[in-house]
Amino acid sequence: MDKFFISLDSAPERSESFQRLNAHVPDIVPFKGLDATSVDIAAMKQAGLVAESCLFSPDALASALNHVSLWGTVMRSGTGAYVFSDRTVLCRNFVDASKEIIEKLPANWDIVCWDWAGDNVMQYELLPGVTHATTMYFQDSVQKHVKDFNKVGIASLPFRLVQMFGFGSYAISPSGAAKLIKSCLPLNTEEVLHYCLGGQMLEATDLSILMNRYYMDISAFVSVPPLSLSDMSAPV
């Protein structure tokens, strides 16, 4: 599987930090992404990628389009890929641990997420067909140690994903890429029912919230505990 990290010309220091902190994981190549200043919203609407009613901020829109572009690459190539944001820090044994998780997945898997926004909830299927579980972690504590996460070995297991917040570190199959392109495009702002929040409706103002509408309809998984963390101290 290919490995990509989304690199922005406007944030070279984040790209440098990503490559330095994840030097233990070979063959990750930069994917030149859009940022808020380089995305042509009118052109994206004309191309049918963005709905007229979409209320994503320019930053959220650029981020979403970067992932959609990579999904298109995966779908056309017929080869699955790892995708990372430039804030990602991978655990010491990520190569072996992620491979073991993928080997445990059903043959028709679509996506497996390596982490989530820990200061928000993530819901997964703890006991298949019996009960879901909801989890979060203490982001302040994580951020104190995030730059040392590449020295930590993690034993993780895959669980069916129900919903989560945050989206930036995952592996996706060609079938998953095709399903998400069909489901998420054109990007739009709509109300999404959040089981993980006790049935609360949230307006989709970014890709992370929008995807909570679709995880349960596809073969989506999450690794618990996470195999990656996000360095939120990196400059915006």
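The values are calculated or read from the model by the stated rules, or taken from the named source; none is laboratory data. All of these numbers come straight from a predicted model, not from anything done at the bench. Note that each Cβ is placed from the backbone with ideal geometry, even for glycine, and that neighbours are counted across all protein chains shown. Keep in mind that these areas ignore ligands, DNA and RNA; they rest on the heavy atoms of the full protein, side chains included. Shrake-Rupley method; radii C 1.70, N 1.55, O 1.52, S 1.80 Å.
When +1 charges are put on Lys and Arg Cβ atoms and -1 charges on Asp and Glu Cβ atoms, the dipole computed for the stretch 103-230 relative to its Cα centre reaches about 320 debye.
From the Cα gyration tensor of the stretch 58-106, with a ≥ b ≥ c the square roots of its eigenvalues, which class applies: rounded if a/c is under 1.5, or else prolate if a/b is larger than b/c, or else oblate? It is oblate, given that a/c is not under 1.5 and a/b is not larger than b/c.
Dipole check for the stretch 1-58: with +1 at the C-beta of Lys and Arg, -1 at the C-beta of Asp and Glu, and the Cα centre as origin, the magnitude is about 100 Debye. Computed with the Debye formula from one identical point scatterer per Cα of the stretch 169-233, without solvent, the log10 of I(q)/I(0) at q = 0.28 Å⁻¹ comes to -1.25. Here residue 136 sits with roughly 110 square angstrom of accessible surface, probe radius 1.4 Å.
Counting only Cα atoms, the stretch 1-136 measures 45, 37, 34 Å along its principal axes, largest extent leading. Largest first, the residues 74, 95, 130 sort by 1.4 Å accessible area into 130, 95, 74.
Between amide H atoms placed 1.01 Å from N, distances below 5 Å from residue 7 occur with 31, 32, 33, all of them 5 or more places distant or on a separate chain.
Using a cut-off of 25 Å between Cα atoms, the listed pairs 3/144; 32/104; 99/144; 99/182; 3/104; 45/182 include 3/144; 32/104; 99/144; 99/182 as exceeding that distance. Taking the square roots of five times each eigenvalue of the Cα gyration tensor of the chain, the equivalent ellipsoid has semi-axes of 24, 22, 18 Å, listed largest first.
Residues in the stretch 71-227 average 44 Å² of solvent-accessible surface per residue, probe 1.4 Å, ligands and nucleic acids excluded.
Over all other residues within a Cβ to Cβ distance under 14 Å of residue 102, the charged ones net out to -2, with Lys and Arg as +1 and Asp and Glu as -1.
Dipole magnitude for the chain: computed about the Cα centre from +1 point charges on Lys and Arg Cβ and -1 point charges on Asp and Glu Cβ, it is near 500 debye. Positive end of the dipole of the stretch 1-142 (Cβ unit charges, origin at the Cα centre): among 79, 136, 30, the Cα lying farthest that way belongs to 79. Relative contact order of the chain, taken over Cα pairs closer than 8 Å and 6 or more residues apart, is 29 percent.
Look at the dipole of the stretch 1-154 built from charges on Cβ: of 43, 61, 88, the Cα furthest out on the positive end belongs to 88. Reducing the stretch 75-120 and the stretch 6-72 to their Cα centroids gives an inter-centroid distance of 18 Å.
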